[in-house]
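Read through the structure below, which is laid out as structure tokens, and then see the notes.
The values are calculated or read from the model by the stated rules, or taken from the named source; none is laboratory data. Remember, it's a predicted structure, so these values are computed and weren't measured experimentally. Note: ideal-geometry Cβ built from the backbone for every residue, glycine included; neighbour counts use all protein chains shown. Surface accessibility is based on the protein's heavy atoms, side chains included, excluding ligands, DNA and RNA. Shrake-Rupley method; radii C 1.70, N 1.55, O 1.52, S 1.80 Å.
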Amino acid sequence: MTDKHGIQANIRGVSVSKPIVTVCGDGQLARMMQPAAAELDIHLRILAGSPDSSAAQVTRDIVVGDYHKYEDLLAAARGADAVTFEHEHVPGEHSAALIDASFNVQPQPSALRYAQDKLDMREKLATLGAPVPRFSAIESVADARAFFDAVAGRVCLKARRGGYDGKGVWFPADADLDELVAELLEAGTPLMAEEKVELTRELSILVARRSSGEAKVWPITQSRQANGICAEAIAPAPDLSPELAERASALGLSIAESLGVTGVLAVELFAFNGEGGEDISVNELAMRPHNTGHWTQDGCVTSQFEQHLRAVLDLPLGAVDALAPVTVMANVLGAAEDPDMPMPQRVREVMEHYPHAKIHLYGKDHRAGRKIGHVNVAGTSLAETRDAAHQAAHFLMHATWA
Ligand code: ADP
């Protein structure tokens, strides 16, 4: 078989007639696309930084390379029906060059740029009329000072690009502002500031959209962050009014449509007390499967990983109905000290005590605070489901019960 790029679609001597999806990235998100790909007989190829990475451990077709280099992206893209991402860091000019070379890149850089730069994202959402906190570009200490005064000191400073898991987010006090801003600008960190929201909880809208336009939105999820890292997700978000759930869903669909997003889009939301009750504004966008969507693996007809593959291949999307009244996801982070009990034994203990807990491990070595897995529990009682998910995750982290 010879594809449109004149390349023999030939994987290790075996001619391939199945769809080929290249994923740029080698972490747990790419890894978790693999079971969905296997079920649908989609051939997954990854562009991996290392042959031992989380995704490379479970993928046969690996191109080891650097996503900053066009040649490496090209090598991974050859013969693929779609090229997609598990993170936002592939340079837009490289994605554009792949498109010029007639590769099918999803999502396209025209959409992805709004997940790459927080200031571009805020400006775009504001022009679309989406609710966002007050914000400003910060190019000098004077800019930061003026914004600080304008929001009465309730300021959140953010690196425009490259932040993740709360790295690149600061809440400076008056006395620290000037020095922090000067230091960051000196180090070449492009900055923006936004108003610190008195948030009551964080919510997340998860949408999938295919290039021909079909889009679906999962039930709205509540998430809890600890030290900037997602610790828990509950779906559907407890006690969310049907009106707000409807408004949030419509907002997610309209952002996906307006920006031309393809694949999975996560819209992280701040919830706060507004004049008419609970209200929302947008925190940020991620154009890939998202930590707040991991519950869909075990709590939903179609997981975000399967849906992402369907969407980037422009296949009909799967149903997004929840399978249980409530599903809770608890993240497993590396503990301060790795317990002596080996992980396989911890897994055995959790299996023994919590047969309903679905354990997902990422094949990552221990490092304090690192995301190494998560647990999903679907059930009927929020309290019991939550307790089971947290007990199971706690044991996997600490080898003790909470
Ligand atoms: P990252 O890209 O590192 O995930 P976010 O912009 O999502 O960074 O910020 C991380 C966390 O910091 C958010 O989940 C939220 O808890 C808190 N945060 C961010 N921006 C604000 C804000 N404007 N007001 C209040 N809290 C915020």
Quotient of C-alpha Rg and 2.2 N^0.38 Å, computed over the chain
1.00
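With the cut-off at 23 Å, tell me which of the pairs LYS167/LYS371; LYS158/LYS196; LYS167/LYS364; LYS167/LYS196; LYS216/LYS364 have Cα atoms farther apart than that. Walk me through the intermediate numbers first.
Numbers: LYS167/LYS371 14 Å; LYS158/LYS196 11 Å; LYS167/LYS364 20 Å; LYS167/LYS196 16 Å; LYS216/LYS364 32 Å.
Going by Cα-Cα distance, LYS216/LYS364 fall outside the 23 Å limit.
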Just to confirm the filter: which GluC sites (Glu not before Pro) across the range 156-264 are DSSP coil and have at most 10 other Cβ within 10 angstrom of their Cβ?
GLU198
How about the range 351-402: which chymotrypsin sites (Phe, Trp or Tyr not before Pro) there lie in a loop by DSSP and see at most 13 other Cβ atoms within 10 Å?
TRP401
Per residue, how much accessible area does the chain have with a 1.4 Å probe, in Å²?
43
Neighbours of VAL377 by Cβ distance under 13 Å: Lys/Arg at +1, Asp/Glu at -1, summed charge -2
Considering only ALA286, ALA256, LEU315, whose Cα is most displaced toward the positive end of the charge dipole of the range 211-321, charges sitting on Cβ of Lys, Arg (+1) and Asp, Glu (-1)?
LEU315
Could you calculate, for the range 204-278, the ratio of the Cα radius of gyration to the Kirkwood radius, expressed as Rg to Rh?
1.00
Within the chain, what whole-number % of the accessible surface is contributed by carbon and sulfur, with the 1.4 Å probe and all protein chains included in the calculation?
49
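Decide, for the range 297-402, between rounded, prolate and oblate: order the square roots of the alpha carbon gyration tensor eigenvalues as a ≥ b ≥ c, take rounded if a/c falls under 1.5, and otherwise choose prolate if a/b is larger than b/c, else oblate.
oblate
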